[in-house]
Every structure is written in structure tokens, then in C-alpha cells.
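J.: Provided herewith is a single structure, encoded as C-alpha cells, for subsequent inquiry.
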Amino acid sequence: MTSRFLTVQNIKIATLSLAFSLLSGGCKSIDNPVIAHRGAWKAQGLPENSIAALKEAIVLGCYGSEFDVHLTKDDIPVVNHDKDFMGIDIETSTYSELLAKQLSNGERIPTLKAYLEEGLKQKKTKLILEIKSAPSGKERTLKLTKMAVDMVHSLEGRSLVEYICFDFDAGQLVSKLDPKAEIAYLNGDRTPAEAKQAGYTGIDYNYMVYKKNPTWIKDALDLGLTVNVWTVNNEEDIQDLLRQNVDYITTNESELLFKVLNKNKR
């Protein structure tokens, strides 16, 4: 049986990503700013935040693969974007109750442990762990934060995992628990200077936030912060951000971003 990874399209993409990897020497670089939003799911019709989408991001050679983490009623961190999993509320349900539903490819909702274990089988694509804010409030959010950091440490994944969050206090807690961790703030309501003072190593704001605050990209870079932008899916916006020397672009269109980067090198 011929693997789908051996299609002409995927061979071309794999060749491009290999070239970017060689050019960047495996380091953070504008040559590969690609962060797959909830994994590389769109082109192949995979479920968002699935382990299959993570594997696809790794195959493409993305700098990072972003994923979202919630905490179940019985304190199991799970990977899913929304506060419910296919109609089942995560925070008020046990993990076993969530197993009643499955993703379109047959996967069950991944636990954070299973997701990290899969991602840590390789050493190229960073795992961009988003700590979701708990619907019940701050205490639960900070509990998830500590559990996530502890799990990354226990799996010896510190060199490959980076953190992002909307809750300002959650990011500060990550910084305290692991002073060497890369942690970026998502909410867009703090200046780069405020984020840096609080212990963040980067900002990761929606594209419109930077439009409304046109100096923030340069301000952040001058402060030594990394700059990421979400969620950018068209070539015009991608080109605008590349001209501003952002470090990363989070996208649902990983293949498009690689193609734009390749075109710019001609």
C-alpha cells in the first residue's frame, strides 16, 4: 500500500521544510517561523488538536505545533480547544465520561500525557502548550498550570515544550516554576514592557492587536522578547509580518506559509 506521505505534494513540502531546517541550523529563525495552530490539520482534513495533526506538523517540519489543554473533573489534563468535547463539558466531567465520544479519525480525546509522549519522540518540532483558562475561575486555572509544568518536567520535556496562556497569572506561575521556560502571553492587553517585567519571554497576540499598536512588534524585539502572531491564514498578512521580522506566525495554513517563505528566497 502506498503511504499518503509519498504523494507528490507531501514530498515537495517535506523537501521545502528540510531546506528551511538546514538553513536555520535547527535554531529559532525567520527561515522557519511556522507554528501549526492546533496541529497541521486543515490540508489533510484531520481533527484539530488530535495526535494525528501533531504528527502532520512534525512531518511538515513546522517550528512548533500548538495545542490547548483543559482539566477534567477528576484532574486529568486533556487536549481540546473548546471547554466542551463534542458537547460534553470538560471541567464538570470525568475523563472516562469524555471517552464516550471520539474524533472523526477514531481517536479519543488525548490526555496531555499521551500527547506529550508522542511529541517527545522527536526533537525538531516544539510543542506549544496553551494553558486554557478554567470556566470556574483562577484557582482551577493555576492548578492546571502547575500540573502541566510538573508533567513536562516528569517527562523530561523542558527543552521541547513552550507555554502560552491568556491568564496573566498563569504565565507568571510558569515563570516561577521553571525560570528557564519559554512563556508567551496571548491576551493582548499588556504592553511588551509589562509582559517582560512579569517574567514572560514573549508576546503572542492576535494580528489585529499589532495593527492597533503598531510599535509593539519592534518594542518587543528591542526588549529581547519573542514575537508570535495568531492566527494568520493569508499571504498578504503573512508577508506584512515577515517584513516586520516577527519570530513566529501561528497559522491554520502551514503549507501556505512554507510556500511563501520559499517564494521569498527566490
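Every read-out reported here was derived from the displayed coordinates using simple, explicitly stated rules and does not represent laboratory data. None of the values given here were measured: they were computed from a predicted structure. Here the Cβ positions follow ideal geometry from the backbone for every residue, glycine too, while neighbour counts run over all protein chains shown.
J.: Filter the chain for me: DSSP H helices, axial length by Cα at least 18 angstrom, mean Kyte-Doolittle hydropathy not below -0.5. List them by residue number.
T.: Membrane-span-like by this rule: 8-24, 138-154.
J.: What is the sum of charges, Lys and Arg at +1 and Asp and Glu at -1, for the other residues whose Cβ falls under 14 Å from the Cβ of Leu98?
T.: -4
J.: Rounded to two decimal places and with Rh computed the Kirkwood way over Cα pairs, what is Rg over Rh for the chain?
T.: We get a ratio of 0.96 for the chain.
J.: Rounded to the nearest 5, what % of DSSP beta bridges with both residues in segment 19-264 are antiparallel?
T.: 20 percent
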